[in-house]
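Enquirer: Provided herewith is a single structure, encoded as structure tokens, for subsequent inquiry.
The values are calculated or read from the model by the stated rules, or taken from the named source; none is laboratory data. Only a predicted model underlies this, so the values are computations on that prediction, with no experimental measurement involved. Because the Cβ atoms are built from the backbone with ideal geometry, glycine has one as well, and the counts that use them run over all protein chains shown.
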Amino acid sequence: MRQNKKRTSYNNRTREAGNVFILILLGVFLFGALMYSFSRSADQGAGNLSKQQAKIAAQEILNYARLVEGAVDRVRRNGCSESEISFENDVVAGYTNPNAPTDKSCHIFDDVGGKINYDAPVTQWLDSSNGAEASYGNFYFVAENEISGLNISGSSKDDLLIQLNWIKQEICEELNYQIFNDKTITEDPSSFFQGVTTGKAIGSFDNNVGSINLTSYPIHEGKNTACFSSQTGGGFHFYHALLAR
């Protein structure tokens with residue numbers, strides 16, 4: 001009787017050890033599968049994006065542009081003039097507006113003013129082959145570009161824009177699809193880069209107009225928002241009017 005108990009105990013321990021070994025093998029397999037999936041995802045993020053990834057990226061870019069536009073509207077309703085709006089932030093230098101009130105009531109990226117945060121774009125949205133470009137890697141707030149054909153005031157004036165330059169083609173196509181239900185990318189022949197590095201919005205509009213000229217494709221001409229390619233500078237670029245003038 002004692003011998004049978006010993007055998008039963010030994011068999012139970014053997015089965016338990018076997019089960020533990022199987023669980024370890026299963027864990028190793030699952031970990032390997034997870035790492036493979038992560039690696040594939042990282043590779044895809046560094047190169048071309050899937051259709052779903054491009055769709056999500058386009059939605060996030062549009063949502064952020066509209067969020068900033070809402071903050072601009074908020075400070076304007078609170079009495080800030082267009083020359084007092086400040087995009088000063090802790091990420092990108094060069095946006096100090098000498099006209100902005102010292103209480104920061106006209107600062108877009110402050111709890112007193114626009115009440116939103118500055119968010120940097122996701123690296124995977126950008127075409128890394130243009131990483132050396134001055135306007136690469138950040139949202140830009142520009143006051144020296146006019147959207148050709150918009151003509152809010154009936155005369156040529158620089159508009160206040162948010163731009164995201166050097167994005168991937170598939171995101172540019174998806175942006176236009178979400179805006180116009182059409183993936184066509186218009187080529188801009190003009191020198192839109194005029195305002196990107198020298199024309200940060202700091203309270204002045206020089207109206208020495210550089211333009212975003214999409215007249216070659218009427219669906220995009222004079223629109224508040226679009227994505228286009230640049231004939232003079234190359235690459236794919238998104239803009240949204242925060243304040244059309």
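Enquirer: Give region 87-105 a look and list any residue that's more than 20 Å from the chain's Cα centre (by Cα) and within 12 Å of residue 202 (Cβ to Cβ), or say none.
Expert: Pass one, region 87-105, residues more than 20 Å from the chain's Cα centre (by Cα): 96-105.
96, 97, 98, 99, 100, listed by residue number.
Enquirer: For region 41-62, name all the residues that are modelled with pLDDT under 95, hydrophobic (A, V, I, L, M, F, W, C) and in a helix (DSSP H, G or I). First the steps, then the outcome.
Expert: Of region 41-62, the ones modelled with pLDDT under 95 are 41-51.
Keeping just the survivors that are hydrophobic (A, V, I, L, M, F, W, C) gives 42, 46, 49.
Those that are modelled with pLDDT under 95, hydrophobic (A, V, I, L, M, F, W, C) and in a helix (DSSP H, G or I): 42, 46.
Enquirer: Something else: Is one or more of the residues making up region 124-135 in contact with an Asp or Glu (Cβ under 9 Å, 6 or more places away or on another chain), part of a loop (DSSP other than H, G, I, E, B) and touching a residue at least 24 places away in the same chain (Cβ under 8 Å)? Spell out how you get there, then give the answer.
Expert: Of the residues in region 124-135, the ones in contact with an Asp or Glu (Cβ under 9 Å, 6 or more places away or on another chain) are 125.
Adding the requirement that they be part of a loop (DSSP other than H, G, I, E, B) leaves none.
Within region 124-135, none of the residues are in contact with an Asp or Glu (Cβ under 9 Å, 6 or more places away or on another chain), part of a loop (DSSP other than H, G, I, E, B) and touching a residue at least 24 places away in the same chain (Cβ under 8 Å).
Enquirer: Can you find even one residue in region 77-92 that is basic (Lys, Arg) and either on the phi > 0 side of the Ramachandran plot or assigned to a loop (DSSP other than H, G, I, E, B) (or both)? Break it down into steps so the answer makes sense when it comes.
Expert: Quick first cut of region 77-92, residues basic (Lys, Arg) only: 77.
Still in the list and also either on the phi > 0 side of the Ramachandran plot or assigned to a loop (DSSP other than H, G, I, E, B) (or both): none.
Scanning region 77-92, I find no residue that is basic (Lys, Arg) and either on the phi > 0 side of the Ramachandran plot or assigned to a loop (DSSP other than H, G, I, E, B) (or both), so the answer is no.
Enquirer: Given the conditions (1) at pLDDT below 90; (2) within 20 Å of the chain's Cα centre (by Cα); (3) of a type in the set (Gly, Ala, Ser), which single one is not true for residue 156?
Expert: Going through the list (1) at pLDDT below 90; (2) within 20 Å of the chain's Cα centre (by Cα); (3) of a type in the set (Gly, Ala, Ser), residue 156 breaks only (2).
Enquirer: If you don't mind, there's one more thing I want to ask. Among the residues of region 96-114, is there at least one that is assigned by TED's automatic domain parsing to the domain that holds residue 141, modelled with pLDDT under 95, in a loop (DSSP other than H, G, I, E, B) and β-branched (Val, Ile, Thr)? Spell out how you get there, then give the answer.
Expert: Within region 96-114, the first condition is being assigned by TED's automatic domain parsing to the domain that holds residue 141, and the residues that meet it are 96-114.
When the remaining residues are screened for being modelled with pLDDT under 95, the result is none.
Within region 96-114, none of the residues are assigned by TED's automatic domain parsing to the domain that holds residue 141, modelled with pLDDT under 95, in a loop (DSSP other than H, G, I, E, B) and β-branched (Val, Ile, Thr).
Enquirer: Of all residues in region 208-237 being closer than 11 Å to residue 185 by Cβ and not in a loop (DSSP other than H, G, I, E, B), which is modelled with the lowest pLDDT?
Expert: 230
Enquirer: Moving to a separate point now. Quick check on my filter: what residues within region 136-153 are part of a loop (DSSP other than H, G, I, E, B), of a type in the set (S, T, N, Q) and modelled with pLDDT under 90?
Expert: Listed by number, the residues that qualify are 148, 151, 153.
Enquirer: Residue by residue through region 161-171, note down the ones that are more than 12 Å from residue 65 (Cβ to Cβ) and of a type in the set (A, V, I, L, M).
Expert: Our first condition is that a residue be more than 12 Å from residue 65 (Cβ to Cβ); within region 161-171, this holds for 165-171.
Selection gives 167, 171.
Enquirer: Also, I was wondering about something else. Looking at (1) over 26 Å from residue 182 (Cβ atoms); (2) in a helix (DSSP H, G or I); (3) of a type outside the set (Lys, Arg), can you tell me which one residue 170 breaks?
Expert: (1)
Enquirer: Residue 180: among the aromatic types (Phe, Trp, Tyr), over 17 Å from residue 67 (Cβ atoms) and modelled with pLDDT of 90 or more, yes or no? Walk me through it before giving the result.
Expert: Details: among the aromatic types (Phe, Trp, Tyr): yes; over 17 Å from residue 67 (Cβ atoms): yes; modelled with pLDDT of 90 or more: yes.
For residue 180, the condition - among the aromatic types (Phe, Trp, Tyr), over 17 Å from residue 67 (Cβ atoms) and modelled with pLDDT of 90 or more - is met.
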